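To start, the structure under review is shown below, and the notes come after it.
The values are calculated or read from the model by the stated rules, or taken from the named source; none is laboratory data. Small disclaimer: the values here were computed from a predicted structure and weren't measured. For neighbour counting, all protein chains shown are included, and Cβ atoms are generated from backbone atoms with ideal geometry for every residue, glycine included.
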């Protein structure tokens, strides 16, 4: 039997274990950092000088001080000091201040990426999968120049927004 849970690495309780409250409280502390977790900053290498209990950071690639050995992990400050959680595939957190989502996929933290098949607002589908390129109109006469310029602007805007190739 493992002494930690498979997914989040929370400490397990055992029958006959002395001072179970310590193990239980450690698990609650880690859950408190992770459940609907919010991080102050991503990629910081040095611990902040005056963290508040409950604040978290995604440690950078070259950690210093008390963060050494925890590159790209979640570091959370508690009344008992720093707690570290190794990232797991699919872990999701929110970046404080911006509200952007952080997700851990393929061994990398992704900031602000949104994945889906469509964007719906107020029950209306407003964006779907990217469509093939729209051909720029060619030919016509001089009188057609303004219409072609307007269509070209529309195509450029669609391409800029990533809606067409």
Criterion: touching a strand residue (DSSP E or B) at 6+ places or on another chain (Cβ under 6 Å) and outside any strand (DSSP E or B) - qualifying residue of 63, 48, 87: 87
Residue count, segment 46-63 (criterion: in contact with a helix residue (DSSP H, G or I) (Cβ under 9 Å, 6 or more places away or on another chain), within 14 Å of residue 109 (Cβ to Cβ) and at pLDDT 95 or above): 3
Pairs where the first residue, in segment 123-139, is more than 18 Å from residue 156 (Cα to Cα) and the second is part of a strand (DSSP E or B) and modelled with pLDDT of 80 or more, C-beta under 6 Å, 6+ apart: 126/119
Selection count where residues are surrounded by fewer than 18 Cβ atoms within 10 Å (Cβ to Cβ), more than 16 Å from the chain's Cα centre (by Cα) and either modelled with pLDDT of 95 or more or assigned to a strand (DSSP E or B) (or both), scope segment 66-82: 8
Every residue from segment 93-119 that is within 9 Å of the chain's Cα centre (by Cα) and touching a residue at least 24 places away in the same chain (Cβ under 8 Å): 93, 94, 95, 102, 109, 111
Number of positions in segment 98-124 that are part of a strand (DSSP E or B) and within 16 Å of residue 162 (Cα to Cα): 1
